[in-house]
Amino acid sequence: STGLSLQLLVPVVGKVGECPVETGMRRQPPSMSDREVLLVEFFCTKDGVLVFGMRADWPRPKLARIQMHRATLRAAVVQHFGDQRGADGAINRPAVDKILNLDEDAWQRVFGSLVAPITEWARDDDLIWFVPHDALHYLPLHALKVDGRYLIDGHPVVYTPSASVMKYCKENRRGHRD
């Protein structure tokens with residue numbers, strides 16, 4: 001147990017700061033392929049999205065809280081990326097049509113704050129390792145802009161369902177797995 005509780009996060013709500021707990025991830029995430037890794041893990045709560053950042057050279061994770069209600073987040077994901085269905089449940093407009101005709105300004109306005117902390121956390125060419133949560137699994141976060149540039153244009157990006165998968169990915173690259 002890391003001793004992490006939401007009460008400990010209260011002092012940094014609404015701004016980027018250090019997470020006031022020690023974790024078992026000290027000196028993690030490791031570098032991969034001669035690139036430093038910035039682990040960006042999300043946790044969606046009823047009232048907001050917690051964004052945790054971790055680099056090997058930081059003594060503690062950093063934390064940002066994004067003011068976005070979970071219900072609002074889920075509705076926006078469906079609005080921008082879900083099938084549009086009629087009263088009978090039939091698909092009137094498939095998700096692929098919505099994606100091909102995506103209003104990029106609206107997409108950035110609604111979801112851009114989710115990757116805003118990366119501006120302060122990432123260095124040039126860092127590998128960004130996303131661990132989404134809840135409805136964020138459905139979003140191409142790498143296609144959002146940071147400092148006027150698509151995130152993917154400045155950083156390689158990896159998505160995994162949990163941070164613990166990182167260990168197995170590294171070991172698999174080296175050819176041995178437990």
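Of the residues Ala56, Ala75, Ala87, which single one is farther than 17 Å from Leu144 by Cα, in a loop (DSSP other than H, G, I, E, B) and free of Cβ contacts under 8 Å to residues at least 12 places away in the same chain? Show your work before the answer.
Details: Ala56 fails: free of Cβ contacts under 8 Å to residues at least 12 places away in the same chain; Ala75 fails: in a loop (DSSP other than H, G, I, E, B).
The conditions single out Ala87.
Tell me which residues, restricted to region 52-77, are farther than 17 Å from Leu38 by Cα and either of a type outside the set (A, V, I, L, M, F, W, C) or surrounded by 16 or more Cβ atoms within 10 Å (Cβ to Cβ) (or both).
Across region 52-77, the qualifying residues are Arg65, Ile66, Gln67, Met68, His69, Arg70, Thr72, Leu73, Arg74, Ala76, Val77.
State which residue is modelled with the lowest pLDDT when the search covers only region 80-96 and only residues that are among the hydrophobic types (A, V, I, L, M, F, W, C) and open to solvent by 80 Å² or more (accessible area, probe 1.4 Å).
Pass one, region 80-96, residues among the hydrophobic types (A, V, I, L, M, F, W, C): 81, 87, 90-91, 95-96.
So of that shortlist, the ones also open to solvent by 80 Å² or more (accessible area, probe 1.4 Å) come out as 87, 91, 96.
Values: Ala87: 91, Ile91: 89, Val96: 85.
Of everything passing the filter in region 80-96, Val96 is modelled with the lowest pLDDT.
May I ask you to verify whether Leu63 is touching a residue at least 40 places away in the same chain (Cβ under 8 Å) and either in a loop (DSSP other than H, G, I, E, B) or more than 11 Å from the chain's Cα centre (by Cα) (or both)?
Here the answer is yes, as Leu63 does meet what is asked.
Kindly provide the set of residues from region 97-111 that are within 13 Å of Val77 (Cβ to Cβ) and in a loop (DSSP other than H, G, I, E, B), ordered by number.
The one that is within 13 Å of Val77 (Cβ to Cβ) and in a loop (DSSP other than H, G, I, E, B): Leu102.
Scan region 120-129 and give yes if some residue there is in contact with a Cys (Cβ under 8 Å, 6 or more places away or on another chain) and either assigned to a loop (DSSP other than H, G, I, E, B) or small (Gly, Ala, Ser) (or both), otherwise no. Let's see the steps before the verdict.
Step one: of region 120-129, the residues in contact with a Cys (Cβ under 8 Å, 6 or more places away or on another chain) are none.
No, region 120-129 contains no residue that is in contact with a Cys (Cβ under 8 Å, 6 or more places away or on another chain) and either assigned to a loop (DSSP other than H, G, I, E, B) or small (Gly, Ala, Ser) (or both).
State whether the residues of region 5-17 include one that is touching a helix residue (DSSP H, G or I) at 6+ places or on another chain (Cβ under 9 Å), over 19 Å from Pro140 (Cβ atoms) and either of a type outside the set (Ser, Thr, Tyr) or at pLDDT 90 or above (or both).
yes
If you go through region 116-131 one residue at a time, do you hit one that is over 19 Å from Leu63 (Cβ atoms), open to solvent by less than 10 Å² (accessible area, probe 1.4 Å) and modelled with pLDDT of 90 or more?
Checked against the condition, which is being over 19 Å from Leu63 (Cβ atoms), open to solvent by less than 10 Å² (accessible area, probe 1.4 Å) and modelled with pLDDT of 90 or more, region 116-131 yields no hits at all.
Within region 35-53, can you find the residues that are out of contact with any strand residue (DSSP E or B) (no Cβ under 7 Å at 6 or more places or on another chain) and in a strand (DSSP E or B)?
Within region 35-53, Cys44 is the sole residue that qualifies.
Hey, Ile99 hits all of (1) at pLDDT below 90; (2) within 15 Å of the chain's Cα centre (by Cα) but one; which does it fall short on?
Of (1) at pLDDT below 90; (2) within 15 Å of the chain's Cα centre (by Cα), only one is false for Ile99: (2).
The values are calculated or read from the model by the stated rules, or taken from the named source; none is laboratory data. Bear in mind that the values here come from a model prediction, so they are computed numbers and not experimental data. Neighbour counts are summed over all protein chains in view; Cβ atoms, including those assigned to glycine, are modelled from backbone coordinates with ideal geometry. Areas reflect the complete protein model, heavy atoms only, side chains present, ligands, DNA and RNA absent. Shrake-Rupley method; radii C 1.70, N 1.55, O 1.52, S 1.80 Å.
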